[in-house]
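Here is the structure we will look at.
The values are calculated or read from the model by the stated rules, or taken from the named source; none is laboratory data. Keep in mind it's a predicted model, so treat the numbers as computed, not measured. Methodologically, a virtual Cβ is constructed for each residue, glycine included, from the backbone with ideal geometry; neighbour enumeration extends over all protein chains shown.
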Amino acid sequence: MGETPEPTTTAVATGWRRRVDPRRGLRRVQQSSIAILQIVVATTGAFAFAHYVLGHPAPLLAATVCVSSLGLVRDARPRRVLETVLGMLVGILVAELLLLAAGPGWWQIALALGLTLVVARFLSAQASFAIAAAIQALIVMVIPANAPFTRLVDGLIGGIAALLVTALIPRTLQRDEVRSGTAVYRALDSAMGTLAQALRRGDRLRAERGLEKARALQPLVDAWSTSLESGIAIARISPFVRRHRSELQRHERMRQSTDLATRNLRVIARRVVYLCDDGAARPVAADTVGELARAAQLVAQSLTDISIEPVAREAVKAVAARLDPVAMLPDSSLGEQNLIAALRPLAVDLLTATGMPSAEARACVPRI
């Protein structure tokens, strides 16, 4: 019996099944567990310090600054946390100064919000910076204080607590970015596998599905980039992640090369769609795409095991060395030869992902 063809589409839960799926909720909780721990520890610590050590009766802003600056977003870079803290402190300072100068009242609230938003937009291009500042300014204007500038001190305490937990309880662990990178290569393998099957059968519908998969790679690459940027930034300040810094930098090099590879794959996928329009099978091109996909999976394995990197490099080199369109397909159409030519940049990108210098990687493909 022949092999069972891969379905051209994937079943997707819709309607109420998608909305009430407990697995999605549990996955969200699991992914946010460290962020939740950070927020609880930082907020409790900041509130306790301001209340019991400094004697502030209700240090609300010590807590709100922690919660707002840390948040539940995946990007937990210290710089992002610091920018959010500074935005909130700007709002608190503007409101405190206005209270001293004009006192409380409805028009003072309007003036405080307007001034805070103007100053915040002038200081930062980030819209979230201005909104964070405005919210804290509103809290200062509405809730009375026993003494001037106590809320500014509370905000400083909350900001310091947020930065401390960012370093001491790292949110982005190395396994998170490895998981993101693995997801990219898994999707890359799926897209290349679909394109290889389309070429083997001359199936335009399957080729279009491969193009869809190739286009869907970019959000996964962007998520990997965010995880890596967070991890590298935290590794600079966290004593618990610093030892992984060199590995994170290696993965960032892989991510850059993989990003280029996914862009080249989209070009290849469009060529496959065009070629499959005539319904003719192209086994040589299909085998070449399949071999390159298998080599890419070895590159993926090197994410977690650097000892596989030389093996992956040799596997990609073996395919790259044969990517001469005329030699591989001497009697084929120009379109089919152009497809082989389009595989050359992809092979070079995979070689650089294994740590090979760009010039050396380009030298691995035959001159045409």
| note | For region 301-312, the count of residues that are surrounded by fewer than 21 Cβ atoms within 10 Å (Cβ to Cβ) and in contact (Cβ under 8 Å) with a residue 60 or more places away in the chain equals 1
| said: Among the residues that make up region 143-153, is at least one of them in contact with a His (Cβ under 6 Å, 6 or more places away or on another chain) and either under 29 Å from Ile237 (Cβ atoms) or assigned by TED's automatic domain parsing to the domain that holds Ser69 (or both)? | reply: yes
| message | When you check Arg77 against the structure, is it closer than 26 Å to Pro170 by Cα, in contact with a helix residue (DSSP H, G or I) (Cβ under 6 Å, 6 or more places away or on another chain) and charged (D, E, K, R), yes or no? | response | yes
| note | If you go through Leu37, Leu26, the only one that is surrounded by fewer than 16 Cβ atoms within 10 Å (Cβ to Cβ), assigned to a helix (DSSP H, G or I), at pLDDT 80 or above and not assigned by TED's automatic domain parsing to the domain that holds Met88 is Leu26
| field | Every residue from region 313-345 that is touching a residue at least 60 places away in the same chain (Cβ under 8 Å), out of contact with any Leu (no Cβ under 8 Å at 6 or more places or on another chain) and among the aliphatic types (A, V, I, L, M) | value | Ala342
| task | Return yes when Ser180 is touching a Phe, Trp or Tyr at 6+ places or on another chain (Cβ under 9 Å), within 24 Å of Gly355 (Cβ to Cβ), assigned to a helix (DSSP H, G or I) and free of Cβ contacts under 8 Å to residues at least 60 places away in the same chain and no when it is not. | result | yes
| request: Scan region 323-360 for residues that are in contact with an Asp or Glu (Cβ under 8 Å, 6 or more places away or on another chain), closer than 16 Å to Arg253 by Cα and either outside the structural domain of Cys276 (by TED's automatic domain parsing) or surrounded by fewer than 20 Cβ atoms within 10 Å (Cβ to Cβ) (or both) and jot them down. | output: Gly355
